[in-house]
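The values are calculated or read from the model by the stated rules, or taken from the named source; none is laboratory data. Everything quoted here is computed from the prediction, not taken from an experiment. Cβ: placed from backbone, ideal geometry, glycine included. Neighbour counts: every protein chain shown. Accessible surface areas use protein heavy atoms only, side chains included; no ligands, DNA or RNA. Shrake-Rupley method; radii C 1.70, N 1.55, O 1.52, S 1.80 Å.
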Amino acid sequence: MGGNDAGFPSIMQSCALQGCPAEDDIDRAIDETMPKVEKTLREIHLQAPSAKIVLLGCPQLFDEDSLTCVSGVGGAGMIRINAMARTMASAQQQMVTALHASGVPVSYESPDPDFAGRRACDDPEGIDKIVVAPQGNGDFRCKPGGSWCVSRESFHPTGTGTSAYAQAFARAVGRL
């Protein structure tokens with residue numbers, strides 16, 4: 001829950017093809033998503049009142065000290081995308097704090113430290129850069145005859161990234 005629900009795949013496609021949307025548009029998308037995430041977390045608690053819930057945050061996708069890689073979004077886009085991730089993480093943290101205060105046993109864990117040295121453009125990459133979608137039918141494909149488009153696999157974790165998320169989750173579970 002989170003980035004995909006806030007429309008980040010289409011935001012990322014926009015960043016790659018025509019430039020990132022205005023910051024206000026991003027903030028609005030995040031603000032509209034948080035109540036949905038909160039509702040889902042409350043429903044989990046209602047269905048499993050003894051469960052301890054962990055919400056993993058969003059890592060920054062790029063190391064801003066190495067803005068020279070070919071990311072598909074340029075250096076300024078990489079900085080904006082990292083700012084989006086920080087905004088999303090902050091909104092998630094605030095929501096979790098409020099939920100916890102209201103008696104919902106949820107905790108927040110940032111995977112950001114686990115992605116240090118494993119972001120897009122790092123070696124090894126923990127986040128895919130631009131992935132061009134094939135044309136034809138299917139969930140991650142472009143319409144035939146059009147120009148290239150960005151696959152929703154773009155800017156999502158690789159195997160290395162899933163391991164980074166697993167480290168963050170293990171740390172969170174260790175604190176429960």
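Residue count for the range 33-72 under the criterion of being among the β-branched types (Val, Ile, Thr), open to solvent by less than 40 Å² (accessible area, probe 1.4 Å) and closer than 30 Å to residue 16 by Cβ: the result is 2.
Right, residue 174: more than 15 Å from the chain's Cα centre (by Cα), at pLDDT 80 or above and closer than 23 Å to residue 96 by Cα or not?
On the way: more than 15 Å from the chain's Cα centre (by Cα): yes; at pLDDT 80 or above: yes; closer than 23 Å to residue 96 by Cα: yes.
When the stated conditions are applied, residue 174 passes them.
If I filter the range 111-130 down to residues being open to solvent by less than 40 Å² (accessible area, probe 1.4 Å) and not charged (D, E, K, R), which single residue comes out as modelled with the lowest pLDDT?
Here is the first cut: in the range 111-130, the residues open to solvent by less than 40 Å² (accessible area, probe 1.4 Å) are 111-112, 114-115, 119-122, 126-127.
Now restrict to residues that are not charged (D, E, K, R): 111, 115, 120-121, 126-127.
Details: 111: 96, 115: 96, 120: 90, 121: 87, 126: 95, 127: 93.
Filtering the range 111-130 for residues that are open to solvent by less than 40 Å² (accessible area, probe 1.4 Å) and not charged (D, E, K, R), the one modelled with the lowest pLDDT comes out as 121.
With respect to the conditions (1) at pLDDT below 95; (2) open to solvent by 60 Å² or more (accessible area, probe 1.4 Å); (3) assigned to a helix (DSSP H, G or I); (4) of a type in the set (D, E, K, R), residue 27 lacks only one, and its number is (2).
Among 103, 75, which is the only one that is open to solvent by less than 70 Å² (accessible area, probe 1.4 Å) and part of a loop (DSSP other than H, G, I, E, B)?
On the way: 75 fails: part of a loop (DSSP other than H, G, I, E, B).
When all the criteria are applied, what remains is 103.
Per the conditions (1) part of a helix (DSSP H, G or I); (2) in contact with a strand residue (DSSP E or B) (Cβ under 6 Å, 6 or more places away or on another chain); (3) under 24 Å from residue 169 (Cβ atoms), the sole criterion not satisfied by residue 12 is (2).
For the subset of the range 30-59 comprising residues that are hydrophobic (A, V, I, L, M, F, W, C) and in a loop (DSSP other than H, G, I, E, B), which member is farthest from the chain's Cα centre (by Cα)? I'd like the intermediate steps shown before the answer.
Our first condition is that a residue be hydrophobic (A, V, I, L, M, F, W, C); within the range 30-59, this holds for 30, 34, 37, 41, 44, 46, 48, 51, 53-56, 58.
The next check asks that each one be in a loop (DSSP other than H, G, I, E, B); those that pass are 48, 51, 58.
Numbers: 48: 26, 51: 24, 58: 4 Å.
So the residue we want is 48.
Selection over the range 147-176 of residues that are surrounded by fewer than 13 Cβ atoms within 10 Å (Cβ to Cβ), part of a loop (DSSP other than H, G, I, E, B) and touching a strand residue (DSSP E or B) at 6+ places or on another chain (Cβ under 8 Å) gives a count of 1.
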